[in-house]
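Below is one structure; the comments refer to it alone.
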Amino acid sequence: MMDVGRHPNVELMSFSEVESVSGFVGNFHVTVRKKARYVDPSECTACGECEKVCPVAVPDEYQQGFSSRKAIYLPFPQAVPSSYVLDMENCLGNNPIACGKCADVCEKECINYDDQDELVNFEVGVIIAATGMDVYDPTEYDEYGYTRFDNVITSMEFERLICAGGPTGGHFIRPSDHESPKSIGFIQCVGSRSKDGRGNPYCSNICCMNTVKDTLLLCDHYPGVEAKVFYMDIRAFGKGFEDLYIRSKEEGVKYIRGIPGDVVEDSQTKNLVLNVENTTTGKIEKHELDLLVLSQGVIPRRDGAQIKQLLTLSSTSDGFVMESHPKLKPVDAPTKGVYIAGCVESPKDVKDSVTQASAAAARASILLNAGKTKIEAITSNVDIEKCNYCDVCSKVCPYNAILSADKKTNKPPTIIEAACAGCGACAAECPQDAISMRHFTDEQIMAQVDALLSVDPHKHLIVFACNWCSYAGGDMAGTSRLQYPTTCKLIRTMCSGRVDEKFVLQAFRLGAPMVLVSGCHFSDCHYINAVHWTQKRMDRLWNKLDRLGIRADRLQLEWISAAEGQKFAKVMRDMEEKLKQVTEEEIEYTMKKLEEEAKKEEEKKAKKAVKRAKVTQDQEVNA
Amino acid sequence: MAPRPVLFKCLMCGHEYDGMYDADNVTERTCPKCRSNSVRRLPAKKDK
């Protein structure tokens, strides 16, 4: 951290928050709020005189509340910059009842009670998001008695208690009587790998090895202490991890395969009794311990939604940030010019975080050194003649790549092609058909529908498949030699968000008995959240079909990932079964009804065009 | 808009079930019976 702080090419902005990010790859405009420290960091020498005279004491967050800090304090010993900060919420201040003791003793006169937040604007070419994670709060697991029993602590609290720089100077004591505990238990997977609705279903990755390390520390500092670890599985998969695990067992640490059902406190001794089913022996065991450590899992940052919104990042089902591609672009965010590193992407240890950070830095420097970047060939394009400035497109765009239209100033929507990823959601949602996607224009897709249904349309099943998942799922089914009906005719779009209502209606109008729209699972969407628009559009389409007296179940929707070849084949077989239930009469009725609708729509459009032409003519005459 | 209770219908197997719908936070729908994603949010019936 010190090296970063001193590096001539790095401007470190600690105690600051990103307020807004706009622009696109190579041209990001960032606004950062530098929070008021009330202490000038360039003058402060961290002599500590101010802290000595400060009369306020509040719990120290860094020490997990085990000790107190003053209102003017150094956040943690190795803080960079090494400067004090004044916590104005707790400071008595110098007005109206003067305290001002810290300012009195500060020889460098670097304390300023009138300091204000400062907004700093700057331009950057690329952004790396490395915002880290939070730890799980185990109070939800009431049976373990965290916060109810003094001697139940978390692994973070354990770290502070055993640390030489901690509140006890490294003397490991238990909170109830400040005595050294003789027997210590660790419960693994608290808030991780949970299926009962509490905590999270994923593995937090780091807790097993953290506990192994903690047990080794205990055995090293306090020989003779009895340590027991209650676990589901010990995941020691990294380099040298298995050796550490074996060493821990050789040191006498007992690993008991079973998660305790409940913890009871002895009111006299404050010792804890754990009831656990040892799944290796199949027996119920009781263990009396002096201290219990809950190995808490990690969770995405609590303010993660704000970060994702600022950088238009997409989220996995776990709430972490999704990478652009798990194998080929593991440090790229879906938004061009944004990279991710560390636990913002998934729980990981220091080594993996450093590896990913190095990769992200390398990716960023490639882009910066090249000075130019290739943009998507498939981008959207606005026909200003057709646009009525409704601004639907800019609201739909997952990448904020469309600058809003303004009716008052006659400003049409502007597409930032460098930021457009080509999902096509804007083109599908535009009520005026004023947006076209290059290489996936309405005409091109309609021509495919027409061609596929030109012969025996009632025998064909039209499938709109997204490029990244469903179409690849079809490939997977093919390469896995899975059989599925040949009646399915696939039309590829980059995203299911591109599937316009009129493509589906055209298929039905031409006599298709069944239509399937398929795309990526929500957590796999390659265009951040473009699939959300597919879902909304499908709801609208089902309602419309219902209104017209057409069976809604003739239009189906499936999310199929690239790995789900089996699902792809099954869905096609199910669709084939459904297809057999569609009668000739139904198809004829549908074709007739939709033909009428299309005529009505055309008449409406013609009327609108005449009206618009008249308005333009009047405006010209007035001018 | 706050999430509201709605009726969902699976268009693959016909199973109907109650669920919550949030227009601002659309989530993936899966039929609890047949695991199909063709789950339609049925329009609310208007009170007469």
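Values quoted throughout were computed directly from the atomic coordinates according to the rules given, and no laboratory measurement underlies them. Here the structure is a predicted model, which means the values were calculated and not measured. In this analysis, Cβ positions are derived from the backbone assuming ideal geometry, glycine residues included, and neighbour counts consider all displayed protein chains.
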In sequence order, calculated HN-Hα J values of region A:332-343 (Karplus, 6.51, -1.76, 1.60; Hz; x Gly/Pro): 8, 7, x, 7, 4, x, 10, 10, 10, 8, x, 6
The answer for A:Asn90, listing residues at least 5 apart or on another chain whose modeled amide H is closer than 5 Å to its amide H, is none
Between A:Gln556 and residues 5 or more places away or on another chain, which pairs have amide H atoms under 5 Å apart, with H built 1.01 Å from N, and which residues are they? A:Val515, A:Leu516, A:Val517
Taking θ as phi - 60°, what are the ³J(HN,Hα) couplings along region A:495-504 by the Karplus curve (6.51, -1.76, 1.60), each to the nearest whole Hz, with x for Gly and Pro? 9, 5, x, 7, 6, 6, 4, 6, 5, 5
With +1 on each Lys and Arg Cβ and -1 on each Asp and Glu Cβ, how big is the dipole of region A:375-439 about its Cα centre, in debye rounded to the nearest 20? 180
Using θ = phi - 60° and the Karplus curve 6.51 cos²θ - 1.76 cosθ + 1.60, what whole-Hz ³J(HN,Hα) does each residue of region A:101-116 get, with Gly and Pro shown as x? 5, 5, 5, 5, 8, 6, 5, 7, 6, 9, 9, 10, 5, 9, 4, 10
Based on alpha-carbon atoms only, what is the radius of gyration of region A:2-124 relative to the globular estimate 2.2 N^0.38 Å? 1.20
What is the pair-distance distribution P(r) of the protein assembly as shown, computed from all Cα-Cα distances in 20 Å bins starting at 0, with each bin given as a whole percent? 14, 38, 33, 14, 1
Given only helices, namely DSSP H runs of n ≥ 4 each adding -39500 (n - 2.57), what is the per-residue ellipticity at 222 nm of the protein assembly as shown, to the nearest 500 deg cm²/dmol? -9000 deg cm²/dmol
Would you mind checking the pairs A:Lys195/A:Lys239; A:Lys195/A:Lys228; A:Lys182/A:Lys213; A:Lys544/A:Lys614; A:Lys35/A:Lys70; A:Lys502/A:Lys608 and listing those with alpha carbons more than 27 angstrom apart? A:Lys195/A:Lys239; A:Lys544/A:Lys614
Tell me which residues come under 5 Å, amide H to amide H, from A:Thr379 once H is placed; ignore anything under 5 positions away on its chain. A:Arg438
At a Förster radius of 35 Å, what calculated FRET efficiency corresponds to the Cβ-Cβ distance of A:Lys611 and A:Thr414, to the nearest 0.05? 0.85
Once the mean of 1/r over all distinct C-alpha pairs in region A:134-299 is inverted, the Kirkwood radius in Å reads 16.0
